[in-house]
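Note sheet for the following structure.
The values are calculated or read from the model by the stated rules, or taken from the named source; none is laboratory data. What you are looking at is a predicted structure, and each value in this text was computed from that prediction instead of being measured. Quick reminder, even Gly has a Cβ in these numbers, built from the backbone with ideal geometry, and neighbours come from all protein chains shown. The accessibility values were calculated without ligands, DNA or RNA, using every heavy atom of the protein model including side chains. Shrake-Rupley method; radii C 1.70, N 1.55, O 1.52, S 1.80 Å.
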Amino acid sequence: MANLTKELALKMPLNLGASLSGIATKETLEGSYLTDMEYVLPGARSAIIFSVPFDQDLIDPYLSKKDFSLSAHKIHRTTFAAGIAFEMSTVLTSLGYRTYPVAPNFAFRTDTENGIFDRIPPISLKLMARACGIGHISQSGLLITKEHGAAFSLGGVVTDAVLGPTEPLPEEENYCDGCGICKLSCVADHINMEKMSMTLGNTVIRTGNCRLPARCAYPCGGITGLHKSGKWSTWSPGRFPLPDEDEEYRTISKRYVQRYLQRKREGTISYNPLLAYPFEMQYTCSNCQFVCHYDKEIRKRRYGLLKNGGVIIEEDDGKKRSVTPEEADEFLLKMDKERRKLFVDE
């Protein structure tokens with residue numbers, strides 16, 4: 001078996017296109033069933049974790065609903081992170097190590113009460129990234145870094161190689177100040193503001209305190225997107241209800257998913273096994289991910305772009321564009337009744 005050094009393990013993802021990398025071990029990950037490396041790879045000893053940033057220049061046009069390109073970019077960069085993990089896994093396997101490449105998204109445990117619909121990952125990239133010093137966890141529950149805010153994808157490889165860990169960042173350096181802009185940016189009110197913490201390894205960390213995962217998935221995947229005020233929306237043209245109670249979100253997506261799948265989604269598609277056939281999805285929200293920034297003034301400005309960017313309608317050819325709430329209401333009233341059902345609960 002060839003020797004895999006800590007230096008090489010940290011350098012590999014960076015040379016392949018990642019921006020930050022770190023190493024977690026069984027010892028530094030103790031404290032949560034979501035960081036049990038044995039669940040994905042019996043005999044695992046280490047995990048090489050990395051981040052792949054999104055293009056910051058695409059955030060303002062996306063939040064102001066002038067340019068939808070960031071949705072496709074997020075899909076591409078997330079797929080790229082999966083590719084880095086797969087390539088590293090292939091190399092390490094060829095060198096004689098056992099590996100498990102960790103999918104950045106849409107991988108779920110099947111042995112829970114509701115199977116994949118519980119939305120529990122085989123292992124948490126976010127917690128492993130926190131343990132190995134890539135970033136902190138914000139109030140929204142997302143990993144954040146001073147370099148990229150929350151605008152990046154994570155990837156990683158679990159292996160039986162014995163590697164020394166990288167140090168976690170001190171919690172006092174976490175720039176999340178509980179400003180609540182992430183909460184204001186969420187049409188589904190997914191984020192709680194209570195403080196929560198847990199111990200991971202020997203470190204007490206902040207974890208975020210979000211509500212039922214299905215609550216986030218409902219608008220983020222594009223089924224609906226109009227804020228309850230009616231004044232602004234995500235990039236989704238949907239206007240289906242946003243219930244107050246978590247339990248209603250366990251089934252509400254199923255109620256409207258067939259209507260969603262009949263829309264003409266333009267651009268890059270992602271595949272989500274939680275949807276019905278043909279499982280096609282686009283990101284239309286991710287607002288909490290994109291408003292977050294180390295500089296609080298930038299956070300405020302980004303939220304202003306989102307709130308003042310109008311609401312989205314979908315033309316007959318599938319193109320999305322932003323209009324005023326009044327123009328959107330008029331557009332929907334003129335729409336054929338059968339097509340209007342793809343967007344409105346009637």
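Checking Leu261 against (1) of a type outside the set (D, E, K, R); (2) crowded, with 16+ Cβ neighbours inside 10 Å; (3) farther than 18 Å from Ser286 by Cβ; (4) modelled with pLDDT of 95 or more, which single condition isn't satisfied?
Only one criterion in (1) of a type outside the set (D, E, K, R); (2) crowded, with 16+ Cβ neighbours inside 10 Å; (3) farther than 18 Å from Ser286 by Cβ; (4) modelled with pLDDT of 95 or more is unmet by Leu261, namely (4).
Would you point out which residue out of Ser64, Ser71 is within 18 Å of the chain's Cα centre (by Cα), open to solvent by less than 20 Å² (accessible area, probe 1.4 Å), polar (S, T, N, Q) and within 30 Å of Leu305 (Cβ to Cβ)?
That would be Ser71, the only listed residue that is within 18 Å of the chain's Cα centre (by Cα), open to solvent by less than 20 Å² (accessible area, probe 1.4 Å), polar (S, T, N, Q) and within 30 Å of Leu305 (Cβ to Cβ).
Restricting attention to segment 298-315, which residues are over 19 Å from Ser71 (Cα atoms) and either free of Cβ contacts under 8 Å to residues at least 12 places away in the same chain or in a helix (DSSP H, G or I) (or both)?
The answer is Ile298, Arg299, Lys300, Arg301, Gly304.
Keeping to segment 203-244, report how many residues are outside any loop (DSSP other than H, G, I, E, B), in contact with a strand residue (DSSP E or B) (Cβ under 6 Å, 6 or more places away or on another chain) and open to solvent by 10 Å² or more (accessible area, probe 1.4 Å).
5
Quick one: Ala188 ticks every box in (1) more than 30 Å from Gly96 (Cβ to Cβ); (2) outside any loop (DSSP other than H, G, I, E, B) bar one, so which box is it?
(2)
Search segment 278-297 for residues that are under 24 Å from Tyr256 (Cβ atoms) and open to solvent by 20 Å² or more (accessible area, probe 1.4 Å) and pair each with any residue that is assigned to a loop (DSSP other than H, G, I, E, B) and of a type in the set (D, E, K, R) when their beta-carbon atoms are under 9 Å apart and the residues are at least 6 apart or on different chains.
Pairs found: Glu280/Arg265.
Give the residue that is surrounded by the most Cβ atoms within 10 Å (Cβ to Cβ), with candidates limited to residues of segment 74-99 that are charged (D, E, K, R) and closer than 30 Å to Thr234 by Cβ.
This residue is Lys74.
So Leu58 fits all but one of (1) outside any loop (DSSP other than H, G, I, E, B); (2) closer than 17 Å to Phe86 by Cα; what number is the exception?
(2)
Among the residues of segment 255-297, what is the count of those that are more than 21 Å from the chain's Cα centre (by Cα), part of a loop (DSSP other than H, G, I, E, B) and polar (S, T, N, Q)?
Of the residues in that region, 1 qualify.
Tell me which of these Leu333 doesn't satisfy, since it passes every other one: (1) open to solvent by less than 40 Å² (accessible area, probe 1.4 Å); (2) more than 16 Å from Phe240 (Cβ to Cβ).
Condition (1) is where Leu333 drops out.
Go through (1) surrounded by fewer than 18 Cβ atoms within 10 Å (Cβ to Cβ); (2) of a type in the set (Val, Ile, Thr); (3) within 18 Å of Tyr260 (Cα to Cα) and name the single condition Ile312 misses.
So the condition that Ile312 fails would be (1).
In segment 166-202, which residues are aliphatic (A, V, I, L, M), open to solvent by less than 30 Å² (accessible area, probe 1.4 Å) and in contact with a strand residue (DSSP E or B) (Cβ under 8 Å, 6 or more places away or on another chain)?
Listed by number, the residues that qualify are Val187, Ile191.
Residue-by-condition table, conditions (1) charged (D, E, K, R); (2) on the phi < 0 side of the Ramachandran plot; (3) over 15 Å from the mean Cα position of the chain (by Cα):
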site: Asp57; (1), (2), (3): yes, yes, yes
site: Asp60; (1), (2), (3): yes, yes, yes
site: Thr79; (1), (2), (3): no, yes, no
site: Val91; (1), (2), (3): no, yes, yes
site: Tyr100; (1), (2), (3): no, yes, yes
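Would you check if there is a residue in segment 30-44 being more than 17 Å from Ala131 (Cβ to Cβ) and buried (at least 22 other Cβ atoms within 10 Å of the Cβ)?
Looking for residues that are more than 17 Å from Ala131 (Cβ to Cβ) and buried (at least 22 other Cβ atoms within 10 Å of the Cβ), one finds none in segment 30-44, hence no.
Just need a number here: residues in segment 128-162 that are surrounded by fewer than 20 Cβ atoms within 10 Å (Cβ to Cβ) and either over 20 Å from Gly201 (Cα atoms) or touching a Leu at 6+ places or on another chain (Cβ under 8 Å) (or both).
Here the count works out to 3.
Could you run through segment 169-185 and say how many residues are assigned to a loop (DSSP other than H, G, I, E, B) and farther than 26 Å from Tyr218 by Cβ?
5
If you check every pair at least six apart or on different chains, which have Cβ atoms under 6 Å apart with a residue in segment 162-184 that is within 18 Å of His148 (Cα to Cα) first and a residue that is in a loop (DSSP other than H, G, I, E, B) and open to solvent by 60 Å² or more (accessible area, probe 1.4 Å) second?
Note: pairs meeting the criteria are Tyr175/Tyr294.
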